[in-house]
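Below: the structure, in structure tokens.
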Amino acid sequence: MGRALAAPQIGAPIRVVYADLGKPWVLINPEIVDVGTDDFLVWDDCFSFPNLMVRVQRAYRIKVRYQDARGKTHVVELEHDQAELMQHEMDHLDGVLGVDRPVGLDPFCLREEWETYYSKKGRYGTPAPRMAPLSV
């Protein structure tokens, strides 16, 4: 297993995320309640699309409200890789995959290609202020 898994990935139609960030962490009905002002680019991978990497844009900081296994509500602030991971897992709860969020030119590559051409720069880009969407 990777760092986390969302219940729908194993066929359970419930809003539960299990993460292991040094210790087990179960989030029931998680929701993002606040988003920071910076975004960053991430080379995302997933059990749902093995051997494929996709460049996505994620919020660098988020605040998540969730319930634990005893029903107690918690609010936690996450940033960088933990914020990216939780956004990824919460996307699964809504039926969204990283391949639904490609960013930039040539955002897809096989893991082997990523290792060869991109891994030296790492998975995470530098946080930068969120750009307003262009109006049409």
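The values are calculated or read from the model by the stated rules, or taken from the named source; none is laboratory data. Note that the coordinates shown come from a computational prediction; the quantities given were computed from them, not determined experimentally. All Cβ positions, glycine included, derive from the backbone under ideal geometry; neighbour counts span all protein chains shown. We work out accessible area using only protein heavy atoms, side chains counted, and drop any ligands, DNA or RNA first. Shrake-Rupley method; radii C 1.70, N 1.55, O 1.52, S 1.80 Å.
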Open item on the list: Here is a check on your reading of the model: is ASP68 of a type outside the set (A, V, I, L, M, F, W, C), closer than 28 Å to VAL26 by Cβ and over 13 Å from the mean Cα position of the chain (by Cα)?
Closed with: yes
Task: Residues located in segment 123-136, provided they are open to solvent by less than 100 Å² (accessible area, probe 1.4 Å) and free of Cβ contacts under 8 Å to residues at least 60 places away in the same chain - done: ALA132
TODO: Just need a number here: residues in segment 11-25 that are of a type in the set (Val, Ile, Thr) and surrounded by 15 or more Cβ atoms within 10 Å (Cβ to Cβ).
DONE: 2
Open item on the list: Take PRO8 and tell me if it is farther than 24 Å from ARG130 by Cβ, surrounded by 14 or more Cβ atoms within 10 Å (Cβ to Cβ), in contact (Cβ under 8 Å) with a residue 40 or more places away in the chain and not aliphatic (A, V, I, L, M).
Closed with: yes
Task: Single unsatisfied condition, LYS63 versus (1) free of Cβ contacts under 8 Å to residues at least 40 places away in the same chain; (2) in contact with a Leu (Cβ under 6 Å, 6 or more places away or on another chain) - done: (2)
Open item on the list: Going through VAL99, VAL75 one at a time, which residue ends up being β-branched (Val, Ile, Thr), open to solvent by 80 Å² or more (accessible area, probe 1.4 Å) and in contact with a strand residue (DSSP E or B) (Cβ under 9 Å, 6 or more places away or on another chain)?
Closed with: VAL75
Open item on the list: Given (1) exposed (fewer than 15 other Cβ atoms within 10 Å of the Cβ); (2) closer than 22 Å to ASN29 by Cβ; (3) touching a strand residue (DSSP E or B) at 6+ places or on another chain (Cβ under 6 Å), identify the lone condition not met by LEU85.
Closed with: (1)
Task: Scan of segment 77-136 for residues that are hydroxyl-bearing (Ser, Thr, Tyr) and out of contact with any Phe, Trp or Tyr (no Cβ under 9 Å at 6 or more places or on another chain), ordered by number - done: THR116, TYR117, SER135
TODO: Being modelled with pLDDT of 95 or more and aliphatic (A, V, I, L, M) is the filter; apply it to segment 102-122 and report the residue that is most open to solvent (accessible area, probe 1.4 Å).
DONE: LEU110
TODO: Could you tell me whether segment 95-106 includes any residue that is under 17 Å from LEU5 (Cβ atoms) and not aliphatic (A, V, I, L, M)?
DONE: yes
Task: Residues being closer than 23 Å to GLU31 by Cα, assigned to a loop (DSSP other than H, G, I, E, B) and not hydrophobic (A, V, I, L, M, F, W, C) - total across segment 90-132 - done: 6
TODO: Would you mind stating whether VAL42 is under 22 Å from GLY104 (Cα atoms), touching a His at 6+ places or on another chain (Cβ under 9 Å) and either surrounded by 13 or more Cβ atoms within 10 Å (Cβ to Cβ) or of a type in the set (A, V, I, L, M, F, W, C) (or both)?
DONE: yes
